[in-house]
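Notes follow the structure.
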Amino acid sequence: MERPAWAPQGIDISLPSVSRIYDYYLGGSHNFEVDREAARKAMEFMPGLPKIMQANRAFMRRAVNYAVGEGVTQFLDIGSGIPTFGNVHEVAQKASDESRVVYVDHDPVAVAHSRAVLDGDERAAVLSADLRKPQQILESPEVAGLLDLDRPVALLLVAVLHFIEDEDDPQSAVAELHDALAPGSLIILTHASYEGIPLTQEQAGGAVGVYRNIRNPLVMRSREEIARFFKGYGMVEPGLVSMPHWRPDAPAEQEDPYAFSGFAGVGRKA
């Protein structure tokens, strides 16, 4: 397999990557055939996967604009993936010149491409780190150089927690990040769930199995389980809802049925 010029040396391009599969769903070009093959297999079971990812991105943009409208101009995006059009720094900086963004991912391709996209942007940075090690993120030079943790920060955990299994204790990681944030900070979160998918759980489970087979298990949690990640935050209206129902720009009924898969919400730290 020929290595594209943008692919960092030292990564195994024969193994699928969650962030590159996500890039493929969104119509991006920073993915390999092995990623596209895994995505197509998942779509055999759940053809609406690209619609779900598009709804994720649309929610993220609305939530970022909400944060800036509330005076929060610092963003910590963990599990940020490969930047595509309309990513956090573009939305936030368009809304306010004061916006500062730190992207965090542990996929070398996502980190390398993010650095290329952000080259010359002094208001945004990217960090190679893992959500399961919050202190590694909080104590990084990138966070220290761009974000003031004594002031409110918007913590983005968009489509990332469902890739952390219970044995890795994602609740503790989220709680540790909460404790480090100033009052008035926001958590912006989406999470996959069998609830809302216009398929039987058995059908949707086929797509989940594809992720398990590529050693990136997709953990489908219930609404109740997802709500626990908001411990310590007061929910912003309309609460924990399907993505199209969170402060929509247009009537939610116009959305594709797959867009209602999973949950999204924003919380504010008192």
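What list of ³J(HN,Hα) couplings, whole Hz, do you get for segment 25-41 from phi and the Karplus terms 6.51, -1.76, 1.60, once you set θ to phi - 60° and write x for glycine and proline?
These are the phi-based 3J(HN,Hα) values: 4, 8, x, x, 10, 9, 8, 10, 4, 5, 6, 5, 5, 5, 5, 5, 5 Hz.
From the phi of every residue in segment 215-225, what ³J(HN,Hα) in whole Hz does the Karplus formula 6.51 cos²θ - 1.76 cosθ + 1.60 yield, where θ is phi - 60° and glycine or proline is x?
Values, residue by residue: 6, 10, x, 9, 9, 8, 9, 6, 4, 4, 5 Hz.
With the other protein chains left in place, how much accessible area per residue, in square angstrom, belongs to the chain at a 1.4 angstrom probe? Walk me through the numbers on the way to the answer.
On the way: 12140 Å² over 270 residues.
I get 45 Å² per residue for the chain.
How much FRET efficiency would the formula 1/(1 + (r/R0)^6) give for Asp169 and Glu122, where r is the Cβ-Cβ distance and R0 is 35 Å, rounded to 0.05?
After rounding, the FRET efficiency stands at 0.50.
When we measure straight from the Cα of Lys41, which lysines land under 18 angstrom away, once same-chain ones fewer than 8 places off are left out?
Lys51
Report the charge-dipole magnitude of the chain in Debye, nearest 20, computed about the Cα centre from +1 at each Lys and Arg Cβ and -1 at each Asp and Glu Cβ.
Here the size comes out at about 320 debye.
For the chain, would you read off the P(r) tail past 23 Å as a percentage of all alpha carbon pairs?
Summing the P(r) tail past 23 Å for the chain gives 50 percent.
For Phe85 and Arg36, calculate 0.36 nm times their separation in residues minus their Cα-Cα distance, and state this gained length in nm to one decimal. Spell out each step's value before the answer.
Details: separation 49, 0.36 × 49 = 17.64 nm, distance 1.95 nm.
Going from the current span to full extension adds 15.7 nm.
What order, most packed first, do the peptides 96-103, 60-67 have when packing is the mean number of other Cβ atoms within 10 Å of each residue?
60-67, 96-103
Report the FRET efficiency, 1/(1 + (r/R0)^6), for Gln203 and Arg151, where r is their Cβ-Cβ distance and R0 is 51 Å, rounded to 0.05.
With R0 = 51 Å, the Cβ-Cβ based efficiency is 0.65.
Measuring from label point to label point, each 7 Å out along Cα→Cβ, what is the Asp179 to Glu225 span in nm?
Modelled inter-label distance: 2.4 nm.
To make sure I understand the rule: partners must be aspartates and glutamates, Cα under 14 Å from the Cα of Lys94, and not fewer than 8 residues away in the same chain. Which ones qualify?
Asp121
For the chain, which whole percent of the accessible surface, found with a 1.4 angstrom probe, sits on carbon and sulfur atoms?
48
So if I place +1 on the C-beta of Lys and Arg and -1 on the C-beta of Asp and Glu, and nothing else carries charge, what would the dipole magnitude of segment 194-270 be about its Cα centre? I want it in debye, nearest 20.
580
Which order do the peptides 26-34, 82-90 come out in when sorted by mean C-beta neighbours inside 10 angstrom, highest first?
Output ranking for 26-34, 82-90: 82-90, 26-34.
Give me the lysines in straight-line cross-link reach of Lys133: C-alpha distance below 20 Å, same-chain residues under 8 apart excluded.
Hits, sequence-local ones excluded: Lys231.
The values are calculated or read from the model by the stated rules, or taken from the named source; none is laboratory data. Keep in mind that this is a model prediction, so the values were computed, not measured. A quick note on method: Cβ atoms are made from the backbone with ideal geometry, for glycine too, and the neighbour counts reach across all protein chains shown. SASA here: full protein model, heavy atoms, side chains in, ligands and nucleic acids out. Shrake-Rupley method; radii C 1.70, N 1.55, O 1.52, S 1.80 Å.
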